[in-house]
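Asker: Got a structure here, written out as structure tokens. Questions coming.
FYI, it's all coordinate maths here, none of it is from the lab. Computed from a prediction, not measured in an experiment: that's the story for all the values here. Cβ sites come from the backbone with ideal geometry, for glycine too, and all protein chains shown count toward neighbours.
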Amino acid sequence: MPRFRSRSFFVTVARSVELIALTLAILCAGRYGSAQDTPLLSGGVGFFTSTNGGNTTYQPIIEPLLAAPIGKHVLIESRASLIETYAPRSNGLSGYDHTFFGALTYLQGDAILTPHVTLVGGSFLIPFGTYNERLSPIWISNFQDGPLISSLGLMSSGTGLGGMLRGSAISRRRYSIDYATYFSARSGNEQFNSERSSGGRASLYLPEQRLEIGFSYNRLLQDTHENFYGAHVWWEPKDTGFRLRSEFARGHHAQGYWIEADYRTQAFGGPDSFIGRFEPVFRMQQTFRRDTIVSDGLPLANTQRADFGLDYNLPHNTRIITSYARQFSSTGDRNIWETGIVYRFLFPAWKGKSQ
């Protein structure tokens, strides 16, 4: 991924606008030769602070997302990340260093072949577990940072370059089974970096219980071949504001789990009342080392961490995110304080045609 210096957050905004404008220019070139479906620009803008071991880091972030239908059976989608980081200088020096990171998170085309099969090609998020595909956008996550095991099973970049088949294998009133299977080629391209790998995920969903259980498997097919295994459980009881999400992942060098629960009360006027907009969140996670040869992105010592959060859901798709975490490890215990504000935007790229 490219990394370069920047003067201020306004440069981040400018580059984001340039990226969106370029994409729209390409789409507009074929606007009148395609269907009447209108591309949507979505995403999030956030400002985060994190105090870890007494050092505070500041991060303004923009994550624009584009979904552009081409006819009834083809969809182009992409997400970018533009992050400015201000961190205290090391070696006892005063002041802050800051860096800019800008890259496409993914860029893929989806072709709906049948009601049960969608063909995906390009650079896509690897379907291992749930966090990478469902919870990583800043406007969805309950916490600023991902779980400690979020990189396990996702190779080095979390994206694959190749093809994927996904869809609903079986859909019944009482249950449904979804699947995703992929193959990724090896790529050293700076923008679309990936490793040669294959794998997939299968999930069983019970709509009456609002319960999902899934299993994942990935295999690294280059250098030292390795297998990764994962499982997840999501539960959202009907007519409550409670949600439970959890994952387990195991690799050749480490394994771990996380369990997250959040709740919005249905009393005091419902979730859109002043009280109902508060959302307490709790996450427990642990990682266990099988060896210390490779980190796989996990701590090099067994680690336990408890995160306590209190989010507030403002009107107009704006959220205030706050949390405190206590992390325990043989390398040292630490406190982590995090705060942030995120705004979710969504609008059409241009006015759609009336039917």
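Asker: What Kirkwood hydrodynamic radius do you get for region 238-281 when you take the inverse of the mean 1/r over all pairs of distinct Cα atoms, in Å? Working shown, then result.
Answerer: Details: mean 1/r = 0.0809 Å⁻¹.
Result for region 238-281 stands at 12.4 Å.
Asker: Any idea what the dipole of the chain comes to, in debye rounded to 20, about its Cα centre with Lys/Arg Cβ at +1 and Asp/Glu Cβ at -1?
Answerer: Dipole size: approximately 420 debye.
Asker: A follow-up question, please. Would you please put 158-170, 64-76 in order of how densely packed they are, using the mean number of other Cβ atoms within 10 angstrom per residue and starting with the highest? Kindly include the intermediate steps, with their values, before the conclusion.
Answerer: Numbers: 158-170: 18.9, 64-76: 17.1.
In decreasing order of mean packing, 158-170, 64-76 become 158-170, 64-76.
Asker: Quick one: give the max-minus-min coordinate of the C-alpha atoms of region 249-355 along each principal axis, largest first, in Å.
Answerer: Projected onto the principal axes, the Cα atoms of region 249-355 cover 60, 40, 21 Å.
Asker: So for region 158-222, Kirkwood radius off the Cα pairs, Stokes-Einstein at 4 °C and 1.567 mPa s: how many µm² s⁻¹? Could the numbers behind the result be given before it?
Answerer: On the way: Rh = 13.2 Å.
After rounding, the answer is 98 µm²/s.
Asker: Using Cα-Cα distances under 8 Å and only pairs 6 or more residues apart, what relative contact order does region 3-348 have, in percent?
Answerer: The normalised contact order for region 3-348 reaches 14 percent.
Asker: Can you give the net charge of the other residues whose Cβ lies under 15 Å from the Cβ of A325, counting K and R as +1 and D and E as -1?
Answerer: Values: positive: R283, R305, R326, R334; negative: D145, E260, D307, D311, D333, E338.
Here the charged neighbours net out to -2.
Asker: Using helices alone, what [θ] at 222 nm do you get for the chain, with -39,500 (n - 2.57) per DSSP H run of 4 or more residues, divided over all residues and rounded to the nearest 500?
Answerer: Details: 1 runs with 21 residues, N = 355.
Calculated mean residue ellipticity at 222 nm is -2000 deg cm²/dmol.
Asker: Equivalent-ellipsoid semi-axes (√(5λ), Cα gyration tensor) for the chain, whole Å, largest first? Don't skip to the end; give the middle numbers.
Answerer: Values: eigenvalues 181, 138, 125 Å².
Largest first, the chain gives 30, 26, 25 Å.
Asker: Please list 3J(HN,Hα) in residue order for region 199-209, calculated via the Karplus relation 6.51 cos²θ - 1.76 cosθ + 1.60 where θ = phi - 60°; whole Hz, with x for glycine and proline.
Answerer: Those phi angles translate into x, x, 8, 10, 9, 10, 10, 10, x, 5, 8 Hz.
Asker: Further question: Within 10 Å, Cβ to Cβ, of V342, how many net charges do the neighbouring residues add up to if Lys/Arg are +1 and Asp/Glu are -1? Let's see the in-between values first.
Answerer: Numbers: positive: R319, R344; negative: E63, D311.
Around V342, the surrounding residues sum to 0.
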